[in-house]
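K.L.:
Handing you a structure now.
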Amino acid sequence: MYKTEVRGPLILGDKNYHQISTDIIAPINQPVPLWWKVAFGISNLALLFGLVAIYQTVSVGIGTWGVNNSVGWAWEIINFVWWIGIGHAGTAFSIFLLVLRQKWRTSINRAAEAMTVVAVMCAAIFPALHMGRVWLAFYIFPYPNTRGPLWVNYNSPLFWDFIAISAYLLISASFWYFGMVPDFATIRDRTTSKIKKAVYGFFAFGWVGTSREWLRFEALSYVLGGIAAVLVVSVHSIVSTDFAVSVIPGWHTTVFPPYFVVGAIFSGFAMVMTLMIIIRKMYKFQDYVTSSHLNAIAKILIFISLIMGTAYATEAFIAWYSGNRYEIFTFFYNRATGDYSIEYWTMIICNAIVPQLFWFKKIRKNLTAAFIISIIINIGMWFERYNIIITSLAKDFLPSSWVTYSPTWVEIGVFVGTLGLFGAGVLLFFKFIPMMAISELKGILKVTSYNTNDKKHISHE
Amino acid sequence: MEKKYWKSLEELNNQPPTEKGDNNTHQSGLLEIMNDEIAGKTTSRRNFLKICGYGFATAAIASSCENPVKKAIPYLNKPEEVTPGMANHYASSYFDGSEFSPIVVKVRDGRPIKIEGNDIESLTNGGTSARAQASILSLYDGEARLKTPTRDGKATSYSALDEAVVQKLTNISEAGKATALLTPPIISPSTRQLINEFIDAYPGSTHVVYEPVSYSGMLEANKMSFGKTVIPDYKFDRAEVIVSFGADFLGTWLSPAEFAAAYAKTRDLTGNQKKLSYHVQFETGLSITGSKADKRIPIKPSEEINLLRALDAALAQQGSEAPAEIQSLAHILRQNKGKSIVVSASNDVHAQLLVNHINHQLENIGQTLDFNSAFLTHQCIDAEFENLLSRIDSGEVNGLILWGVNPVYDYPDTARIVATLQKPELTVSLSSTTDETLAFMKYCSPGHHYLESWGDAEYKQGYLTLAQPAIRNIYSTRQPQDSLLKWMGKEEDYYTFLKNYWLTHILNGNEADWTTTLQKGVLLKSVSESQPSFQATDTSSIQEVPATGGYELVLYETIALGNGQYANNPWLMELPDPISKVCWDNFAAISPATASKLGAVAGGMLNIKEVDIPVLIQPGQAEDTISIAVGFGHTAMGKVANSVGKNAYPLIGVLNGSRQRYVTGITPVVSKATYALASTQMHHSMEGRPIVRETTLKEYLVSNDAGNEMHKEIEEKNITLYKEIKFEGHHWGMAIDLNKCTGCSTCVISCQAENNVPVVGKEEVMKYRIMQWMRIDRYYSGDEKNPEVVFQPLMCQHCDNAPCENVCPVSATNHSAEGLNQIAYNRCVGTKYCINNCPYKVRRFNWFRYATNNEFDYNMNSDLGRMVLNPDVTVRERGVVEKCSLCVQRIQEKKLLAKNENRLLQDGEIQPACAQGCPSGAIIFGDLADPESRISKLFKDPRNYHLLEDLHTLPSVGYLTLVKNSNEA
């Protein structure tokens, strides 16, 4: 391998193993800061609002939303796809960067995976809630029954969706949890509080760090990683089939599976960037989340943004090239220049143009700018789903059934509630779980860190 | 032998249990067991938990196992004709004061649930109008229907009421004053006889006919021209050229259901017909008749008489000064002498005299205008009512009996009516529903709904029908005829009177014929008098109307509400107008150019004569004119009708004793107020898509598939990777002839009645959540000043490759072996994926619970209103998707019938509700698997196409292209 100083060290500040443990565990032992309390309070208020909205939806009916005879899916599915997209990053980080041997993932993957689990939980609320009769949601399980037996429709993308998301949630959560076992053991060993010892001890599964345990641990990581790698690709491809399998212009598109997966990674990485900037700032983890980490994410975002731009162009090109009048209408007269042009161009600007600012090193290095751009990307990705779902349904084949759609407070409330759930979930993660994989950080300490003893960067071997 | 297990000695010995415990003692028994259990035991943890568990279980059992007991009482002696689950059908007659239909009432378990057209010897071929279909719901209108006799608004008894009324009637008669009976047109021969007898019983009494939208001008003109105060029968099926001046004969004028059937015959291209009638429509507002016309000319109402004069003159001598348009029309008409019809809806005697002269010139009398079967449905002479009012004012008429009229609402001068109504000593209402006039009546002897009544009708000369009750009166009401008989001091009831009348005057004493007629509902008696001779009146004295400045205001009736007497019917209120697609309101329709001239915008309001009316920008509306529908703006009719829209009757007054239909010189002002109308269609252009495929007759004659060339190409390219479905048994399909469809919307209401489709209210309609399974799509094309209009009835297309079916995760919607796309409501979890993936957007979602919900306080929120529900069709729960089933319950019914009778199903035996109600026969249902069926033949017609067929959805519904005769002129 090569030795180079170009990439810079991944751990700064003259750390040793002990210090890493101390640094990362510090937030767990310290009392919660004020900003945490405020943020947690706001998140819970949002969550409460969401619960009221959910109560309204379930007790009165889907009619409390703005959906109608033509637009059967709206905010709930936009938000579902959006959250699932965000929930993509964690596993993508862990798996793809692992495969690509990117060492810088070590300080980020824990937070990214945590975010995944919370985001997928937020996403999972919507497919259940959007059902007219959520109390019969169990009909979607293929279980032996006395009704015939009556089975689910294996042809339906919604069923695939259900399987894909449950599998993804299960594997992501397991992957995340098993990765934390050694760290929980570290906390258990270091803490003086009996309660913490008991709780973390319970979650540490009796981990003592023998070489046999490490062997099993790594084997499990590989197995789960192998499964998860497939799921990362499958989950959003399958979400995209919800649309691609249909006949509706703007949905019926073969480019959707890759386009959705890339889009999901895009929004997920952007969300990781948002979160890492917050973590770095609030917990003073500059030594672990260095500007070269953020630099790397930013570069990936440029690349994905280019793919997104290509996808948008491809869609429009194919619509024109196919000569299909309905597609041409949807892409050119409805989205690009019609009633939904604001949403369409918001999507294009946020996703394909604004991230190109990352070509400038100054912007990549400027945390405020990076933070704003990462948020803009997620806004853009929300509008992408809005474009796909609302515009296609509102104006499809028969002009007689063309309608307009606007959300009600209940739909907005449910979305706000999931934002609250996400915020609260992430804040709890900050407080109770080591935000970075301690054991993995230690693994790279000797390869890429700044050390005062030899006064030089140790780069990749 | 089986072993017998026994629980007690009593059971073993077949003795009754010693203690017959009811529910309560049973529960207290449970508690006693617990007491026994506790007694004498130490409180150990084990005992505590045991008792706790027992306590919970007992509480759960006691609280949950007690379901309310609903009592169903079986017949002690079952009536012979009532079989639970089997419907009975009774022939009857529907007449609402202007429109008549011979009908068959479907009665299930003692309650009427559906109106069907009577197709036995009927001119309507089983067709009905939307109002006739919806009239069944008015039977169960527990709010608007009157329930008991009242005196000064307080309940009283019939005996007290009768005594008081008879006393007053006698007093009035003895004082030499008169009592007037004010009714809508009476087409019942026996009732006419009864009224005559009543007048004899109280000398001086008079009978006045009142109609808010009368045909008075026409009747008077016919009196002058033909010596008969009747309206001739228009034989549209014999007409090759039809010229209508403002007469919406397919929608609201005279007898639309019947005319639609006749008109459809002249627009029929199936079965190798090569001819279409040529239809020219002069009108102000856009009507469905104008939409169907081959040529439509928007005119101001004041121009009508000038045009008629010009046409009359052009017909009399060639090369007159008439405009070229009229010249060429006259030319075409002259070529079709005896095969043309010229009609006008004007209430102006002069206009009608000109029309009569034109028809006389065209030798149409006796050919297309038949006086042998003249209409008797309109009898009101406006001047007679004016005369009555002044006689009341002068005190000459001192008693007034109102029967089914509501002048306080629909007479222009409300203040005058109210003042006049308070003058007579006796005012009695015989109406069956509450209305604005009722408050000014001293007495009320409420009448039956027509489905509870006996009756007969002669709506056209020689076309006699009977009406029989389909249910016993729900409330303490009395048929008005019975009231009159009572007040005449007669003991016999109206049924006896009616039967005697028929036996004496019609059936020559033949009892058997009475039963037969009652069963069939219809009796045709040929009348063969010679046609009246035309008596020329001096039409040359009719002056040309000078052009006036300002705007002209026209009143019109809508298909849904007509003259407004059914405004409390939620089905009709929510029926989108086929042209404007607006429901739950009336509005001022103005043309786009007029709107920009006035500065009016959609969503704004116009102030016309101090009344703010919402603006609707209506393409095709004549310039500088405003059309407003009557029938809205009730104040005392019920929760559905009240304060919906504005009452337009007071906007136009009475001139020289004649009710005017239009007024000139109006100065509308754009009001600051805004108002949102509920419309079910937001986009009005087809965007060049091949949705309604149309062509002209000329092109059609060259090539049968004109306008539909792509169908063949798509069929040829039809290819699939999957195994194609083979239909072993039936394969149901439906064909809709766009040439015959008039947009009358009868199918919409018929479907709503058959399939328990809920009413959702204006707010929900505005959110695009109307529930109707059937909709009439209406598209404009061409010039916005005078657009071409096409209609397309749309319901579930029952695709054999249905996009909705493969996306349902729980297989709730699936394909039957007979080609039906069906929904198992119980299985539906409501993901709405099918709604999204339906390219036709015909699937409906139950956004709320629409039944038994105070938020949706329409017919499904009361026990009485729910009586109209069809027990064969599930009432859908909140959260499930629903849509057209092609009336699967009707298919099943007829299949079982054929099976029981051990025969094959006949083609045309099964009729879904929409097809049954369709007056023009545009909807044909049948078995595609049978190559000889009508539908199979229609599917092979070169005009047949499937909507969005390029999507390869393989619909089982076909449309026949629209062919207009527009290039013949």
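All of the numbers you see were taken from the coordinates with simple rules; none came from a lab. A quick note: this is a predicted structure, and the numbers were derived from the prediction, not measured. Methodologically, a virtual Cβ is constructed for each residue, glycine included, from the backbone with ideal geometry; neighbour enumeration extends over all protein chains shown.
K.L.:
Per residue of chain A, what 222 nm ellipticity follows from adding -39500 (n - 2.57) for every DSSP H run with n ≥ 4, rounded to the nearest 500?
P.N.:
Numbers: 16 runs with 283 residues, N = 461.
After summing the helix terms and dividing by the residues of chain A, the value is -20500 deg cm²/dmol.
K.L.:
Can you give the three extents of the C-alpha atoms in the range A:97-205 along their principal axes, from longest to shortest, in whole Å?
P.N.:
Cα extents, longest axis first: 57, 38, 23 Å.
K.L.:
May I ask you to compute the full-extension gain from B:S781 to B:Y54, defined as 0.36 nm times their residue separation minus their alpha-carbon distance, rounded to one decimal in nm?
P.N.:
Numbers: separation 727, 0.36 × 727 = 261.72 nm, distance 7.57 nm.
Stretched fully, the B:S781-B:Y54 segment lengthens by 254.2 nm.
K.L.:
Determine the equivalent ellipsoid of chain B by diagonalising the alpha-carbon gyration tensor, then write out the semi-axes as square roots of 5 times the eigenvalues, largest first, rounded to whole Å. Mind dumping the intermediate values first?
P.N.:
Numbers: eigenvalues 515, 310, 159 Å².
In descending order the semi-axes read 51, 39, 28 Å.
K.L.:
Further question: Express as a percent, rounded to the nearest 5, the fraction of DSSP beta bridges in the protein assembly as shown (both residues included) that run antiparallel. All intermediate terms of the calculation are to be shown ahead of the outcome.
P.N.:
Details: 71 of 119 bridges.
Percentage antiparallel, nearest 5: 60.
K.L.:
What does the average come to when, for each residue of peptide A:52-63, you count the partner chain Cβ atoms lying within 10 Å of its Cβ?
P.N.:
Values: counts 0, 0, 0, 0, 0, 0, 1, 0, 6, 11, 8, 13.
Mean partner-chain Cβ count within 10 Å for A:52-63: 3.
K.L.:
Here's something else I'd like to know. For chain B, what is the relative contact order in percent, using Cα pairs closer than 8 Å and at least 6 residues apart in sequence?
P.N.:
14
K.L.:
Please work out the C-alpha center-to-center distance from the range B:931-959 to the range A:245-285 and express it in whole Å.
P.N.:
Value for the Cα centre distance between the two parts: 46 Å.
K.L.:
Further question: Would you mind getting me the FRET efficiency between A:Y143 and A:T192? Use the beta-carbon distance for r and R0 = 41 Å, nearest 0.05. Don't skip to the end; give the middle numbers.
P.N.:
Values: r = 48 Å, r/R0 = 1.18.
The pair A:Y143/A:T192 has a calculated efficiency of 0.25.
K.L.:
Suppose each label sits 7 Å from its Cα in the direction of the beta carbon; what would the B:K337-A:I353 distance come out to in nanometres?
P.N.:
The two pseudo-label positions are separated by 7.5 nm.
K.L.:
Quick check: residue separation of A:T368 and A:T337 times 0.36 nm, minus the Cα distance between them. What number comes out in nm?
P.N.:
Taking 0.36 nm per residue and subtracting the Cα distance, the gain is 7.8 nm.
K.L.:
Simple spin-label model, 7 Å along Cα-to-Cβ: B:N656 to B:N826 in nm?
P.N.:
The answer from the label model is 7.1 nm.
K.L.:
Calculate the all-directions average of the projected area of the range B:548-679's alpha-carbon convex hull, and give it in nm².
P.N.:
Numbers: hull surface 31.8 nm².
So the mean shadow area of the Cα hull is 7.9 nm².
K.L.:
Something else: Only Cα pairs under 8 Å and at least 6 apart count here; give the relative contact order of the range B:694-964 as a rounded whole percent. Each step should come with its number before you reach the end.
P.N.:
Values: 481 pairs, mean separation 84.8, N = 271.
Worked out over the range B:694-964, it gives 31 percent.
K.L.:
Please order B:H683, A:H130 by the number of other Cβ within 10 Å, starting at the fewest.
P.N.:
Details: B:H683 14, A:H130 26.
Going from least to most buried by this count: B:H683, A:H130.
K.L.:
Per the Kirkwood formula on distinct C-alpha pairs, the Rh of the protein assembly as shown is how many angstrom? Numbers along the way, then the final one.
P.N.:
Numbers: mean 1/r = 0.0272 Å⁻¹.
For the protein assembly as shown, the Kirkwood estimate is 36.8 Å.
K.L.:
I'd like the distance separating the alpha-carbon centroids of the range B:73-137 and the range A:169-223, in whole Å.
P.N.:
76
K.L.:
Let me ask you something else. When B:R46, A:R190, A:R110 are ordered from fewest to most other Cβ atoms inside 10 Å of their Cβ, what list results? Before the final figure, lay out each step's value.
P.N.:
Values: B:R46 9, A:R190 16, A:R110 27.
The fewest-first ordering by Cβ neighbours comes to B:R46, A:R190, A:R110.
K.L.:
What 222 nm value per residue comes from the helices of chain B, counting each DSSP H run with n ≥ 4 as -39,500 (n - 2.57) and dividing by all residues, nearest 500 deg cm²/dmol? Numbers along the way, then the final one.
P.N.:
Details: 29 runs with 270 residues, N = 969.
Helix-only estimate at 222 nm: -8000 deg cm²/dmol.
K.L.:
Treat each spin label as a single point 7 Å out from the Cα along the C-beta direction, and report the A:V255 to B:N272 distance in nm.
P.N.:
Those two pseudo-labels are separated by 5.5 nm.
K.L.:
Full-extension gain between B:L904 and B:L721, please, as 0.36 nm times their residue separation minus the C-alpha to C-alpha distance.
P.N.:
Working: separation 183, 0.36 × 183 = 65.88 nm, distance 3.52 nm.
Extending this stretch completely gives an extra 62.4 nm.
K.L.:
Can you give me the Cα centroid spacing of the range B:816-880 and the range B:163-180 in angstrom?
P.N.:
So the two Cα centres are separated by 55 Å.
K.L.:
Distance from a point 7 Å along Cα→Cβ of B:E386 to each backbone N in the range B:653-692: keep the residues under 19 Å and list them by number.
P.N.:
Only B:653-664 fall inside the zone, counting backbone N under 19 Å.
K.L.:
Within the range B:692-722, whose backbone N sits under 18 Å from a point 7 Å along Cα→Cβ of B:K940?
P.N.:
Zone members listed by number: B:704-705, B:712, B:715-716.
K.L.:
Here is a follow-up. Rounded to the nearest 0.05, what FRET efficiency do B:Q892 and B:A636 have when you use their Cβ-Cβ distance and R0 = 56 Å?
P.N.:
Details: r = 44 Å, r/R0 = 0.79.
Efficiency at R0 = 56 Å is approximately 0.80.
K.L.:
Quick one: B:M734, B:M605, B:M488, fewest Cβ neighbours within 10 Å first, how do they rank?
P.N.:
Numbers: B:M734 26, B:M605 23, B:M488 16.
Ascending Cβ contact count within 10 Å gives the list B:M488, B:M605, B:M734.
K.L.:
With a cut-off of 16 Å, note down the residues of the range B:133-153 whose backbone N falls inside the zone around a label point 7 Å from the Cα of B:D857 toward its beta carbon.
P.N.:
B:141-145
K.L.:
GluC sites (Glu not before Pro), restricted to the range B:260-325: which are DSSP loop and have at most 13 other Cβ atoms within 10 Å? Mind showing how you got there, number by number?
P.N.:
On the way: sites: B:E283, B:E303, B:E304, B:E321, B:E325; in loops: B:E321.
Sites meeting the loop and neighbour criteria: B:E321.
K.L.:
Calculated FRET efficiency, B:D152 and B:A175, Cβ-Cβ r, R0 22 Å, to nearest 0.05? Kindly include the intermediate steps, with their values, before the conclusion.
P.N.:
Details: r = 22 Å, r/R0 = 1.01.
Calculated value: 0.50.
K.L.:
Another question, if that's okay. Within the set B:K337/B:K525; B:K698/B:K895; B:K723/B:K940; B:K114/B:K147, which residue pairs have Cα atoms separated by over 32 Å?
P.N.:
On the way: B:K337/B:K525 29 Å; B:K698/B:K895 43 Å; B:K723/B:K940 23 Å; B:K114/B:K147 23 Å.
Those over the limit are B:K698/B:K895.
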